[in-house]
Amino acid sequence: MKKIIQTYKTGKQWLHNPPGLGDFIRGTCHLFEALEGTGCDLRVDVSQTEFSHLIEFDPSFFNVGEEHKIAKAQEFFEAHEYQEMSAQIDRFLGSEEEELYLCTNLGDWNRTSLPETTRAFVKTFYGFNEKVTRPGSERLKEPEYEVLSIRAGDKFLGQEDGTVEDALKQRVFQLIEKKILPGSTFPIVVTSDSYDLKCELANRYGFIMFPHVSQHGGYGNALPVALDMNLLKHSKFNYHINAWQTWWSGFSHYTSLIFLIPSANFRSPSFIKEEITRSGDLRVSLEDKLLAKLKRLKDRFYTAN
């Protein structure tokens, strides 16, 4: 049986910057759908990462390969590499080879739904063992909750210090007070790559906070990554503020899609509320649409002058 193996390398093996686990999951969804009907199985190999010790091993999903094969896996991270990756897969399917190792984060960041077969397959990645589930159940006393995650930028990852600029803080406060708190139904758990911001929001609004310093990758101290993913997986509603880039978070957004959790994204630079329902409908309020249009006109006017 032919197998394509989506793998996460160790830190020293990457030719480019490694993807975050949210990006890796997005690429896994894309690969699964690309291989449906080909007779080729997809497996995921995270055996060289610290993350692997936190998930129950399922041989229908996971693979444990040799380190030298993982190290040689081709990387497909840029949009212009779609065709190159597709051609590589086609060559493999037509060859006598039995295994192809690769790593990709390719896949649309703005999907609003996933097929049931894709969701059922990728859910296995979230099969955390008691190293993750026990601390979560011990610290979180609320059976039902919502999650607010804030991405402030890679420079904050894994750092206990690092101050978020005041302008961004004020924007976050405004979004919480005007767009999140009025519609929230359950207690909110806050998490962020900025530990300082997470602590401040917990104190300011009474949000629930886990004491770990968040990460997004698959090696090093991966327990905080799994704890955050497990929080998102069991949430009733997921909010995500991306103050760093212009796309929805793979970490939060794809977890919401996989587990059919309604969500709302606020992304730089407009930060309008883009709500995605459980059924996959995208909702943007008329007020937010008008504000975004006015901002574009304002920016165009000042650029022209």
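The values are calculated or read from the model by the stated rules, or taken from the named source; none is laboratory data. On a predicted model such as this, the values are computed, not experimentally measured, just so you know. Don't worry about glycine lacking a Cβ; one is built from the backbone with ideal geometry, like all the others, and counts go over all protein chains shown.
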Self-check item: Subset of region 53-64 (residues that are buried (at least 18 other Cβ atoms within 10 Å of the Cβ) and not aliphatic (A, V, I, L, M))
Solution: F61, F62, N63
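From the list A79, A87, A34, which one is among the aliphatic types (A, V, I, L, M), closer than 26 Å to G280 by Cβ, without any contact (Cβ under 8 Å) to a residue 40 or more places away in the chain and out of contact with any Cys (no Cβ under 9 Å at 6 or more places or on another chain)?
Values: A87 fails: closer than 26 Å to G280 by Cβ; A34 fails: without any contact (Cβ under 8 Å) to a residue 40 or more places away in the chain.
Among A79, A87, A34, only A79 is among the aliphatic types (A, V, I, L, M), closer than 26 Å to G280 by Cβ, without any contact (Cβ under 8 Å) to a residue 40 or more places away in the chain and out of contact with any Cys (no Cβ under 9 Å at 6 or more places or on another chain).
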Quiz item: Could you count how many residues in region 174-197 are part of a loop (DSSP other than H, G, I, E, B), among the hydroxyl-bearing types (S, T, Y) and surrounded by 22 or more Cβ atoms within 10 Å (Cβ to Cβ)?
Solution: 1
Quiz item: Which of the residues that make up region 246-279 are out of contact with any strand residue (DSSP E or B) (no Cβ under 8 Å at 6 or more places or on another chain) and assigned to a loop (DSSP other than H, G, I, E, B)?
Solution: F259, L260, P269, S270, R278, S279
Quiz prompt | Near pairs, Cβ below 9 angstrom, 6+ apart or cross-chain, from region 4-25 (without any contact (Cβ under 8 Å) to a residue 60 or more places away in the chain and of a type in the set (F, W, Y)) to any residue that is buried (at least 23 other Cβ atoms within 10 Å of the Cβ) and outside any strand (DSSP E or B) | solution = none
Quiz item: Which of the residues spanning region 234-257 are at pLDDT 95 or above and more than 11 Å from the chain's Cα centre (by Cα)?
Solution: H234, S235, K236, F237, N238, Y239, I241
Quiz prompt | Number of the condition not met by L227 [criteria: (1) touching a Gly at 6+ places or on another chain (Cβ under 7 Å); (2) closer than 22 Å to T118 by Cα] | solution = (2)
Quiz prompt | Hits in region 105-124 (condition: of a type in the set (D, E, K, R) and either surrounded by 18 or more Cβ atoms within 10 Å (Cβ to Cβ) or in a loop (DSSP other than H, G, I, E, B) (or both)) | solution = D108, R111
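A quick yes/no check of all residues on (1) among the hydrophobic types (A, V, I, L, M, F, W, C); (2) over 19 Å from Y254 (Cβ atoms):
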position: C29; (1), (2): yes, no
position: E33; (1), (2): no, no
position: T38; (1), (2): no, yes
position: Q48; (1), (2): no, yes
position: F62; (1), (2): yes, no
position: E67; (1), (2): no, yes
position: L106; (1), (2): yes, no
